[in-house]
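S.K.: Structure in structure tokens, see below.
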Amino acid sequence: MEFIVTIIAATTLSGESISHIADHADLAAIQQRDFGWIDEGKAGDFAVNAHDDEGPRVRTAFESALADLHLDADVIVQPAEYRTKKMLIADMDSTMITVECIDELADYAGIKPQIAAITERAMQGELDFRAALTERVALLAGLEESVIARCLAERVQLMPGARTLVQTMKARGSHCVLVSGGFTRFAEPVAAQIGFDLAIANILEIADGVLTGRVLDPIVDSGTKLATLGAQCA
């Protein structure tokens, strides 16, 4: 089987480093066909031949070579046959954007520390997501709807590389879906800016220009993300 081994470096990846990796002792028994740059000095691919079940061994060998060179880099090993992906499903907060939107809304309300603490506990799995979301949104009751637009304009920044990733995937025919436990008022404009085909998120209830402190059902949580993956694959 042919595997593609992608090296992505946090620092400059030199041609000399590539030669050292290829010559590393742990790689002596792995048949390497060629190397090609994806982005010169930053990322490139080795094409290697190995048995179907040897992916973990190939990864370990390349990681050992990088460790010997003291290179801070990621190693991705995947079958060449499935290199081009047909779908990308991604989270939004702290993934496609640099912030947690509910925490930033809370900052405008003057209660960011209280809500951020609940957010962190939920992300660590210490709290049921639905209960944590309900509790946090309740604290935002009375916040003016206009603050959402301010927060979007002033606080929400795309994660470096997010738009490039999605646009590259789409150029290769991939279907891209943003699924967030956050809110549609952020997810929909973010998805449009990055280039996602679809955005799924929670809906904040708003009445008379202010947040009511409630989220409309159904709640988007980890189960929704799994169900969306299955539905989109189908």
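S.K.: Report the residue count in the stretch 158-199 for those that are assigned to a loop (DSSP other than H, G, I, E, B) and more than 15 Å from the chain's Cα centre (by Cα).
M.R.: Of the residues in that region, 4 qualify.
S.K.: Answer yes or no as to whether Leu229 is under 16 Å from the mean Cα position of the chain (by Cα) and open to solvent by 70 Å² or more (accessible area, probe 1.4 Å).
M.R.: yes
S.K.: Considering only residues that are hydroxyl-bearing (Ser, Thr, Tyr) and in contact (Cβ under 8 Å) with a residue 40 or more places away in the chain, look in the stretch 6-39 and name the one that is farthest from Gly161 (Cα to Cα).
M.R.: Here the residue is Ser17.
S.K.: Still on this model: Within the stretch 128-140, can you find the residues that are of a type in the set (A, V, I, L, M) and either surrounded by 17 or more Cβ atoms within 10 Å (Cβ to Cβ) or within 11 Å of Gly209 (Cα to Cα) (or both)?
M.R.: Passing the criteria: Ala132, Leu133, Val137, Leu139, Leu140.
S.K.: Looking at the stretch 213-226, which of the residues that are touching a helix residue (DSSP H, G or I) at 6+ places or on another chain (Cβ under 7 Å) and β-branched (Val, Ile, Thr) is surrounded by the most Cβ atoms within 10 Å (Cβ to Cβ)?
M.R.: It comes out as Val215.
S.K.: Confirm whether Ala116 is of a type in the set (Gly, Ala, Ser), touching a Phe, Trp or Tyr at 6+ places or on another chain (Cβ under 8 Å), free of Cβ contacts under 8 Å to residues at least 24 places away in the same chain and farther than 30 Å from Gln32 by Cα. Can you show your working first?
M.R.: Values: of a type in the set (Gly, Ala, Ser): yes; touching a Phe, Trp or Tyr at 6+ places or on another chain (Cβ under 8 Å): no; free of Cβ contacts under 8 Å to residues at least 24 places away in the same chain: yes; farther than 30 Å from Gln32 by Cα: yes.
No; evaluated as a whole, the condition is false for this residue.
S.K.: Moving on. Please specify each residue of the stretch 171-212 satisfying the condition of being surrounded by fewer than 15 Cβ atoms within 10 Å (Cβ to Cβ), hydrophobic (A, V, I, L, M, F, W, C) and within 18 Å of Glu145 (Cα to Cα).
M.R.: Hit for the stretch 171-212 is Ala207, nothing else.
S.K.: Out of Lys85, Lys42, which single residue is within 27 Å of Val166 (Cα to Cα), among the basic types (Lys, Arg), over 18 Å from the mean Cα position of the chain (by Cα) and open to solvent by 30 Å² or more (accessible area, probe 1.4 Å)?
M.R.: Lys42 is the lone residue from the list that is within 27 Å of Val166 (Cα to Cα), among the basic types (Lys, Arg), over 18 Å from the mean Cα position of the chain (by Cα) and open to solvent by 30 Å² or more (accessible area, probe 1.4 Å).
S.K.: Another question, then. Pick from the stretch 89-121 the residues that are among the aliphatic types (A, V, I, L, M) and under 11 Å from the mean Cα position of the chain (by Cα): which of them is most open to solvent (accessible area, probe 1.4 Å)? So that I can check it myself, show each step before the final result.
M.R.: The initial filter retains those residues of the stretch 89-121 that are among the aliphatic types (A, V, I, L, M), namely 89-90, 92, 96-97, 99, 102, 105-106, 109, 111, 115-118.
Filter once more, keeping what is under 11 Å from the mean Cα position of the chain (by Cα): 89-90, 92, 96-97.
On the way: Ile89: 54, Ala90: 11, Met92: 0, Met96: 12, Ile97: 0 Å².
This residue is Ile89.
The values are calculated or read from the model by the stated rules, or taken from the named source; none is laboratory data. All figures in this text were calculated on a predicted structure; none of them were measured in a lab. Glycine gets a Cβ as well: all are built from the backbone with ideal geometry, and neighbour counts include every protein chain shown. Heads up: the accessible areas ignore ligands, DNA and RNA and are worked out on the full protein's heavy atoms, side chains in. Shrake-Rupley method; radii C 1.70, N 1.55, O 1.52, S 1.80 Å.
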